[in-house]
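One structure is given below, encoded as structure tokens.
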Amino acid sequence: MLFRSGLDGNTTNDLVQAGTEQDATFLLLYGTATNYYAWTEVYPLQPMEEAFSVSPGDQVDVTVYVGDSKGNVNPSGGYAWFNIIDAMAGFAENISTKLGKGFGFTGNSAEWIMERPYIKALGGYPELAQYTTLKITGAGVLTATGTTSIPYSKAQNQQITMYEEYTPQPDNDVLSTVSAVTGHSDSMQFSWKNFH
């Protein structure tokens, strides 16, 4: 299971994103092995890289933006910046990645997504972990100058339902939904529906 916050990707092939991931593998005779971590990615330049370990239930704050080499917000600044804070563990990391020539950052979309990662070794998507609900608070988009934040519900947005649609379970069940949280313009809630 993967949560990510990112910029672009909806209208371009270039994507700046960071988030958390939970991997669970059932090992015969040993039970289930799990791994929880925060990560960053500049796609397609830099694959997903693990930043640090997190624990189930931790509150993790993720900020993603494009800026200059000093960390100032600048959509044409040439660097992807990731600020990831695990408030419960008291750990934070500020990471930058240089954007290469030809990287097509436009800043036309922002995403907050709960999804199943494609696992190449499995040749597909694993079952969606039963996460029950996940509430995101403080979701907002900075203007190009970096001075004004617009809460996600005040910006043009699209709430997407996750469906199965993939083999070997072509039943097309609803896997996960997202909805606004009443009275909180910067909050959204993801709700688990099915494994597959």
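List of remarks:
- Net charge dipole size for segment 62-190 [Lys, Arg +1 and Asp, Glu -1 on Cβ; Debye, nearest 20]: 540
- Computed in the context of the full set of protein chains, the accessible area of segment 92-196 at 1.4 Å probe radius has 49% of its extent on carbon or sulfur.
- GNM flexibility winner over the chain from PRO75, PRO47, PRO117 (Cα, springs under 10 Å): PRO47
- Partner lysines whose Cα lies under 20 Å from the Cα of LYS101, excluding those fewer than 8 positions away in the same chain, are identified as LYS70.
- Taking trypsin sites (Lys or Arg not before Pro) as exposed when DSSP calls them loop and at most 12 other C-beta atoms lie within 10 angstrom, the chain has its longest site-free stretch at 102-196.
- Assuming charge only on the beta carbon of Lys and Arg (+1) and of Asp and Glu (-1), the dipole of segment 12-125 about its Cα centre is about 320 debye to the nearest 20.
- Förster radius 41 Å - calculated FRET efficiency between ILE150 and LEU27, Cβ distance, rounded to 0.05: 0.35
- Per residue, the accessible area of the chain comes to 58 Å² when a 1.4 Å probe rolls over the protein heavy atoms.
- Set of lysines near LYS154 by C-alpha distance (under 28 Å), chain-local residues within fewer than 8 positions excluded: LYS135, LYS193
- Note on segment 26-148: dipole from Cβ charges, positive end direction compared against LEU128, GLY140, TYR65; the farthest Cα belongs to TYR65.
- Pairwise FRET efficiency - SER185 versus MET88, Cβ, R0 = 30 Å, nearest 0.05: 0.75
- What separates the Cα centres of segment 1-42 and segment 143-160 is a distance of 23 Å.
- Other residues whose C-beta falls under 13 angstrom from the C-beta of GLY6 contribute a net charge of -4, scoring Lys and Arg +1 and Asp and Glu -1.
- For Rg and Dmax of the Cα atoms in Å, calculated from these coordinates, the label among [x] 17.2, 55; [y] 21.1, 66; [z] 21.5, 88: [x]
The values are calculated or read from the model by the stated rules, or taken from the named source; none is laboratory data. The model shown is predicted, which means the values in this text are computed figures rather than measured ones. A quick note on method: Cβ atoms are made from the backbone with ideal geometry, for glycine too, and the neighbour counts reach across all protein chains shown. Please note that ligands, DNA and RNA were not included when accessible areas were found on the heavy atoms of the full protein model with its side chains. Shrake-Rupley method; radii C 1.70, N 1.55, O 1.52, S 1.80 Å.
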